[in-house]
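Below is one structure, written out as structure tokens; the observations come after it.
Rule-based calculations on the coordinates, nothing more; no lab input. Owing to the predicted nature of the structure, the values given are computational and were not obtained by experimental measurement.
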Amino acid sequence: MMMMTLSACRNHDESGSDKVTEASSAEPTGEGKEVEYPMITDEIKTMFISLNEDHTGDAALTPVALIDSKATDANTDRLILCKKKSGSSYYYVLVTVREGKSSELSILAISSCGLSAPATYDPEHPVSGGWGEPTSPALTDEVRTAVEKVCQGHDDKSYDPIAYLGMQVVAGYNYHVLCSDTSSDKPAYVILEIYSDLDGNAQITNTYPFS
């Protein structure tokens, strides 16, 4: 899996809301197309409408963040973080989707981490105490800084942030961040739960590795 460096960021304004200040970086695929990470394009949304036609409502997949895209002469494989419906709840899964040259689609693999996904929150009016999903998976300055700080305290672990998944307003902030575990000898992904206090300190409070 190739590693991507994302340049998207947001800043809190005086009211505590988030603002996007820079777009995410783009890389060419084997077909010469520009791919923006971790943004979900209309093409990917259309793919999942087609894929969900083959599933029941309780197995529907909603794409959240694009992690990887590789194109060959025969097909294009994409690794995508999704929310999978289970009853009335949604859970995060990593899905590998193959698209053939004739636009045929197939799911090659699905892995889970056991973390439930929150509802989308209004960044202008965050709910104190409740988890919310941001309107964009683009990384913010605050999230990047939090990941950098927790990595400084773990000599045996190194994480590369990929996508911003959730926030909880407490005495400070809790964040859910999809990361690549760069200390692993093979591609590995984990969702970190990070607490950032009002003094700017940060610590990992939970980890949710994908199996």
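Key figures for this structure:
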item: Cα gyration tensor shape for region 130-210, rounded if a/c is under 1.5, else prolate or oblate; result: oblate
item: Extension gain from residue 169 to residue 109, taking 0.36 nm per residue of separation minus the Cα-Cα distance; result: 18.2 nm
